[in-house]
Amino acid sequence: MSAESPALRKIIHVDMDAFYASVEQRDDPSLRGLPLAVGGSRERGVVAAASYEARRFGVRSAMPSAQAIRLCPNLVFREPRFAAYRAVSQQIRAIFHDYAEKVEPLALDEAYLDVSQDRKGIGSATRIAELIRARIKAETGLTASAGVSYNKFLAKLASDHLKPDGLCVIRPGEGARFVAVLPVRRFHGIGPRGAEKMAKLGIATGADLRARDIAFLRQHFGAQADYLYRAARGIDLREVSSHHARKSLGGERTFDRDIASGPGLREALDSIIAIVWTRIEGAGARGRTLTLKLRLSDFSAHARARSLPRPIANRESFAALAHDLLAEVLPLPLAVRLMGLTLSSFDDEAPATADAGQLALF
């Protein structure tokens, strides 16, 4: 049995193209063809989403507005309209469920579908992806990219391969070859600093990663080693879960340069607050526990969390609590290379028990 043979399925990953920005351009024709940023403002804030016209200038999500304007002086800003985005997302998910029983949404704009046993008896995952993309275009006026493969890892790689408005298929037996030529930065979970660390170890592509044995990967990457070992071989045994309950929602940022000063950390935290709250609003989520994650320059990981009796109601309360958590740990013994925020304890879940009075190691 080959390394790629376990749990072969027919998986589609659908990812809407520049979703928030595309909805804005659809609903306001005057914005079409213009470089557009959703979220924040020209004066302050952070880009939550960027149109493809803006991306050509280097504008990306999570980028401070001031930096985005330097790259693209004619950038147009629009406040997000989450009710509109959720309404379109519901339309798209209804289309998914016409073809697949197992649908696992990852966000408003993307989902996995297991069509190993599709509802319409079509039999071809590629044909189903084509039909889904055509229906999304016809019913919403928006474009979607799709990846088709035999596991979730490869399907997600494939959906990003020919963006925007693309369809990429990775067939059984092709996964390892497809992964081999990819830069490791394309692997989900490997950020800029992770790729930089790999480059220092002589790892630039999937083939380079596959050439390292599991002992080497565990020595240098710890708990991530098993994932990297399988990913380099195009292996992913995870199932599409239609009953996956969201336990948390957040985001993190690895800095280009480590930040040591209190003002610098507070400014960086503001950018993370903007992005994470946008995701929270987009998901319509409300939680009671906020966790601040820090990774210091020596790679040690720390967390500070607080649980409230009621869900955090608005951005102002969310931001105030986040800054309180940061204030409790300052000054830090070393500079910070990564910072993140996570909201949890949704709905009727019990509050997280990580309301530690002391800085805790992950």
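The values are calculated or read from the model by the stated rules, or taken from the named source; none is laboratory data. Just so you know, these numbers come straight off a predicted model, no measurement behind them. With ideal geometry, Cβ positions are generated from the backbone for all residues, glycine too; neighbour counts draw on all protein chains shown.
Just for segment 46-62: of the residues that are within 18 Å of the chain's Cα centre (by Cα) and either surrounded by fewer than 21 Cβ atoms within 10 Å (Cβ to Cβ) or of a type in the set (Lys, Arg) (or both), which one is nearest to Val23 (Cα to Cα)? Across segment 46-62, the extreme among qualifying residues is Tyr52. Taking segment 171-205 as the range and being under 13 Å from Ile11 (Cβ atoms) and touching a residue at least 40 places away in the same chain (Cβ under 8 Å) as the test, the residues that pass are Pro172, Gly175. Being of a type in the set (A, V, I, L, M, F, W, C), touching a residue at least 40 places away in the same chain (Cβ under 8 Å), surrounded by fewer than 22 Cβ atoms within 10 Å (Cβ to Cβ) and under 16 Å from Ala144 (Cα atoms) is a property that Ala107 has.
Those helices (runs of 4 or more DSSP H) of segment 199-245 in which 1 or more residues are more than 24 Å from the chain's Cα centre (by Cα) occupy 206-210, 214-221.
In summary, Phe187 fulfils each of the numbered conditions (1) among the aromatic types (Phe, Trp, Tyr); (2) over 17 Å from the mean Cα position of the chain (by Cα); (3) under 27 Å from Ala48 (Cα atoms) with the single exception of condition (2). Looking at Glu110, Glu24, Glu53 in this structure, which one is assigned by TED's automatic domain parsing to the domain that holds Arg133 and either within 21 Å of Arg253 (Cα to Cα) or among the charged types (D, E, K, R) (or both)? It is Glu110. In segment 34-45 there is at least one residue that is modelled with pLDDT of 95 or more, surrounded by fewer than 18 Cβ atoms within 10 Å (Cβ to Cβ) and not assigned by TED's automatic domain parsing to the domain that holds Arg210.
On the stretch given as segment 169-198, residues that are assigned to a loop (DSSP other than H, G, I, E, B) and among the β-branched types (Val, Ile, Thr) total 3. Among all residues of segment 158-168, there is at least one that is part of a helix (DSSP H, G or I), crowded, with 23+ Cβ neighbours inside 10 Å and either free of Cβ contacts under 8 Å to residues at least 24 places away in the same chain or not assigned by TED's automatic domain parsing to the domain that holds Pro29 (or both).
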